[in-house]
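Notes follow the structure.
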Amino acid sequence: MSEIVVPADWVADRLDGLRVVDVRDAWEFDGIGHVPGAVNIPFDSFRADDHAAEGDSAGDSSGDGQGMLPGADAFADLLSEAGIANGDRIVAYDDTHGVFAARFLVTAELYGHDPDRLHLLDGDFSAWRLDHETTSEAAAFERSEYVVDPPAETPLVDIDEVAAATDDPDTVVVDTREDWEFEEGHIPGAVRLDWRELVDDETRGLKPRGEIESILDERGIDPDRRVLLYCNTARRISHTYTVLRHLGYPDLAFYEGSLTEWEAAGRELETGA
């Protein structure tokens, strides 16, 4: 069974061996409470600047050619300040079904943290506190020396690879935006999958595996094909990418440039559903 998206009981049983990262705003972490032992690394601290993060540019604000990332030095400093080491097992959560926490995990993966040691809490803080203890006491951690060491290959691809994928029958290009955005214009041949289709509003976690697989099958998002994701916000890509990893999809990639960039490169968009 996958341990990428993990239930609250799994986390509660392993708190002593985990580094728990809460990506909510500091006022929520302090004022509402948090998972015991968690450290606060707010989403805005590890996102790219606002212009890039909304997909209005190529997203390469990091200066290291890696999409909508905060920059290697900035990310290393954040994790060092939180006392996180390179070999730590990390579980992240937010209070928005995991979409912001998933971005933290994907950022860590792109900067070289072992993806097998990165976990997303199934649900969010609201789901956690229904059955588990919370605290307002901040845990103290000594500063570490986290070292960013990006792998030679990552799932992040460039515009040319996306263009090639549109002509590849073994690849399905997936647009994770909302319906109205997709209708206004999308990469030719793409299918649409809103990340919220995969979560249950009542439990705040993922829908049952069978339901998710049925949704994916309807769109032709098959584990036997390469899946290439794109969006105009990195967090939505990240959540879908994390869920597909959880389901065992072996060949995943994503593009973090914008459709403005796509058109500026002389490429056309399709319109309509």
- Amide H contacts under 5 Å for ARG192, restricted to residues at least 5 apart in sequence or on another chain and with H modeled in the peptide plane, are ASP175
- What is the helix-to-structure angle for 99-110, meaning the angle in degrees between its Cα long axis and the longest Cα principal axis of the chain, kept from 0 to 90 and rounded to the nearest 10? 80 degrees
- Message: Out of the GluC sites (Glu not before Pro) in region 207-273, which ones are loop residues according to DSSP with at most 13 other C-beta atoms within 10 Å?
- Response: GLU268
- Under-5 Å amide H pairs with PHE254, H placed in peptide plane, nonlocal only: LEU156, VAL157, LEU229
- Where a ≥ b ≥ c are root eigenvalues of the Cα gyration tensor, a/c under 1.5 meaning rounded, otherwise prolate if a/b exceeds b/c and oblate otherwise, the chain counts as prolate
- Between ILE84 and residues 5 or more places away or on another chain, which pairs have amide H atoms under 5 Å apart, with H built 1.01 Å from N, and which residues are they? SER144
- When only Cα pairs under 8 Å and 6 or more residues apart are kept, what is the percent relative contact order across region 5-131? 29 percent
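Report, to two decimal places, the Cα Rg of region 5-131 normalised by 2.2 N^0.38 Å (N = number of residues). Don't jump to the answer; show the numbers that get you there.
Details: Rg = 14.3 Å, N = 127, 2.2 N^0.38 = 13.9 Å.
Normalised by 2.2 N^0.38 Å, the Cα Rg of region 5-131 equals 1.03.
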- Return the percentage of antiparallel bridges among DSSP beta bridges fully within region 141-273, rounded to the nearest 5 %. 15 percent
- Task: List, in order, the whole-Hz ³J(HN,Hα) value for each residue of region 146-155 obtained from phi through the Karplus relation with A = 6.51, B = -1.76, C = 1.60 and θ = phi - 60°; use x for Gly and Pro.
- Result: 5, 10, 7, 9, x, x, 4, 10, 10, x
- Which one of ALA140, ALA163, ALA234 has the biggest mean-square fluctuation once the chain is modelled by GNM with Cα springs under 10 Å? ALA140
- Item | Helix axis angle, 234-246 relative to the chain longest principal axis, alpha carbon, degrees | 80 degrees
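Using the Cα centre as the reference, give the magnitude of the dipole from point charges on the C-beta atoms of the chain (Lys, Arg: +1; Asp, Glu: -1; all else neutral), rounded to the nearest 20 debye. Let's see the in-between values first.
Details: 22 positive and 62 negative charges, 117 e Å.
It comes to approximately 560 debye.
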- Karplus ³J(HN,Hα) for region 200-211 (6.51 cos²θ - 1.76 cosθ + 1.60, θ = phi - 60°; Hz, whole; x = Gly/Pro) runs 9, 5, 7, 7, 6, x, 5, 5, x, 3, x, 5
- Item | Low-density loop positions, trypsin sites (Lys or Arg not before Pro), region 188-220 - DSSP coil, at most 15 other Cβ in 10 Å | ARG219
- Quick one: what are the phi-derived ³J(HN,Hα) couplings along region 221-230, Karplus 6.51/-1.76/1.60 with θ = phi - 60°, whole Hz, x for glycine and proline? 8, 9, x, 7, 10, 6, 10, 10, 9, 8
- Which of the trypsin sites (Lys or Arg not before Pro) found in region 88-177 are in a DSSP loop and have at most 16 neighbouring Cβ atoms, other than their own, within 10 Å? ARG89, ARG143
- Whole-Å distance, taken between Cα centres, linking region 1-16 and region 139-214: 22 Å
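Counting alpha carbon pairs within less than 8 Å and at least 6 residues apart, what relative contact order, in whole percent, applies to the chain?
Relative contact order for the chain comes out at 23 percent.
If R₀ is 30 angstrom, what is the calculated FRET efficiency for the pair GLU142 and ILE32, using the beta carbon separation as r and rounding to 0.05? Could you put the intermediate results ahead of the total?
Working: r = 26 Å, r/R0 = 0.87.
With R0 = 30 Å, the Cβ-Cβ based efficiency is 0.70.
Report the antiparallel proportion of the DSSP beta bridges in the chain as a percent, rounded to a multiple of 5. Present the calculation step by step, with values, prior to reporting the outcome.
On the way: 3 of 27 bridges.
Percentage antiparallel, nearest 5: 10.
Every read-out reported here was derived from the displayed coordinates using simple, explicitly stated rules and does not represent laboratory data. Every value quoted in this text rests on a predicted model; they were computed, and no experiment measured them. Cβ sites come from the backbone with ideal geometry, for glycine too, and all protein chains shown count toward neighbours.
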